[in-house]
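Read the structure below first, then the notes.
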Amino acid sequence: MFSVQTTKLFKSSTFRLALIYMALFSLSVLLLLGFIYWSTAGYMLRQTEATIEAEITGLAERYDLSGLPGLSKIISDRLARQKSGTSVYLLTDPQFKLILGNLKSWPQVQPSEQGWVSFEIDSGQSDDAVQHRVQARIFHLRGGFHLLVGRDVHDLEETQGLIRDALIWGLLITIILALVGGAMMSRTMMHRIEVITNTCHQIMEGDLARRIPRTGGDDDFDRLVDILNRMLDQIEQLMQGVRQVTNNIAHDLRTPLTRLRRRLDMLRSNNNPAVVHEELLDQAISEADGLLITFKALLRISEVESGSRRGAFKDVDMSSLLHDLLEFYAPLSDEKGQTLIAEVAPTRPIMGDRDLLFQAFANVLDNAIKYAPSSGRIRLTMQDRPDQLEITVADSGPGVPAEAREKIFERFFRLETSRSTPGNGLGLSLVAAIVNLHNGQITLADNQPGLKLAITLPRPG
């Protein structure tokens, strides 16, 4: 189990991302430590070389002033004063024979172009003496004499080694801490991702009420969890809507299909008079037409919701559209003895699909005429604002209860549970789909009595 968890940890994208950050951070630390090493150990070596340079310059000046005796005297004094033996002096004749100094012989090394040499000497007279490295500079005096001045840099090298070891250990500790931190962070992330994954598996297995738990930290994961949970809520509502629509479809289609089958059974009998036979045939065709109308309405709603009609938008004169609508429905309203009042003034066109908008407002006005009583009042008004157009249809019918106003736009939803009045419950669903296609909004309000339905269509910015 542990090996499986470890393998998953190493394969996780979070751990790989942590490794990338670790590599970048380690490189930054390496550059920083390298700069520190160059600034400390390198500075110490450069200071030693500068001291040697200054000392050679001083000795050369003394040789020019006092000659060989004066130079020998100052070197002897300096050798007598030093106790640690860190300074190295060697003065030889033109044949490199020792005149004065604390070296036994001239070092057999090739100097650099600037005269710098590096060689090793014994640290003492004992058998276990340690070899110390000397950094020295050669200077050729007048008369063929040779002068070597240097410093024992053993202590400097030890200091450099301590600094180097400290920097290496610092880099190693940084890498180890980065690995441990990356593993801990990856394990935490993996745990949170596994919580989301397990919840999704439970939802896939049918538990649609399951939700992803929050940690309470209000971090990126919690915000992601909130979005996922809202999405799951919407999916659950959609699934419930699908189940409800399925039940409604089954209920709405069962009755006409039953009537259609009964009439077809009666048509199959040869005992019916010709008049009855013709009447049954007309009724069967009417039932089939009703079913086709229902399916056509469903397909129409799906087409509108897909947004495929948005590409054909063009300028629509809503004043002309509403006048055509009133001209079409005025006879129906007059037949019921209703008063149809219109307040529609010329206005600027909006972008949209004229056929769909005509159908949407036709459905709204048809519902108002259907539910408004005889001698009732229906008012259609249009208000033109700089950024939107608002069309309101108000009737004096029974209205819609406040608790049902959000549901009347659902497919097959009908206020009466008996579903005995004509209609299929798709008219307002199509209205909502068309308004959404035009990025509009629908608001419902009490008309006291009746219902006031307002459709707001935005104008392009």
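The values are calculated or read from the model by the stated rules, or taken from the named source; none is laboratory data. Note that the structure is predicted; figures quoted are calculated from it, not measured. Quick reminder, even Gly has a Cβ in these numbers, built from the backbone with ideal geometry, and neighbours come from all protein chains shown. Remember, those area values only see protein heavy atoms, side chains included, never the ligands or the DNA or RNA. Shrake-Rupley method; radii C 1.70, N 1.55, O 1.52, S 1.80 Å.
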Output yes when any residue across the range 5-20 is in a loop (DSSP other than H, G, I, E, B) and either over 30 Å from Gly181 (Cβ atoms) or modelled with pLDDT of 80 or more (or both), and no when none is. no
Tell me which residues, restricted to the range 41-53, are open to solvent by less than 50 Å² (accessible area, probe 1.4 Å), in contact (Cβ under 8 Å) with a residue 60 or more places away in the chain and either outside any helix (DSSP H, G or I) or more than 14 Å from Ala136 (Cβ to Cβ) (or both). Ala41
Does Ile175 qualify as being surrounded by 12 or more Cβ atoms within 10 Å (Cβ to Cβ), in contact with a helix residue (DSSP H, G or I) (Cβ under 9 Å, 6 or more places away or on another chain) and free of Cβ contacts under 8 Å to residues at least 60 places away in the same chain? no
Out of the residues in the range 370-407 meeting the condition of being among the hydrophobic types (A, V, I, L, M, F, W, C) and at pLDDT 90 or above, tell me which one is farthest from Ala433 (Cα to Cα). Ile378
So, Ser72, is that one in contact with a strand residue (DSSP E or B) (Cβ under 6 Å, 6 or more places away or on another chain), of a type in the set (Gly, Ala, Ser) and at pLDDT 85 or above or not? yes
Residue count, the range 126-179, condition β-branched (Val, Ile, Thr) and part of a strand (DSSP E or B), comes to 3
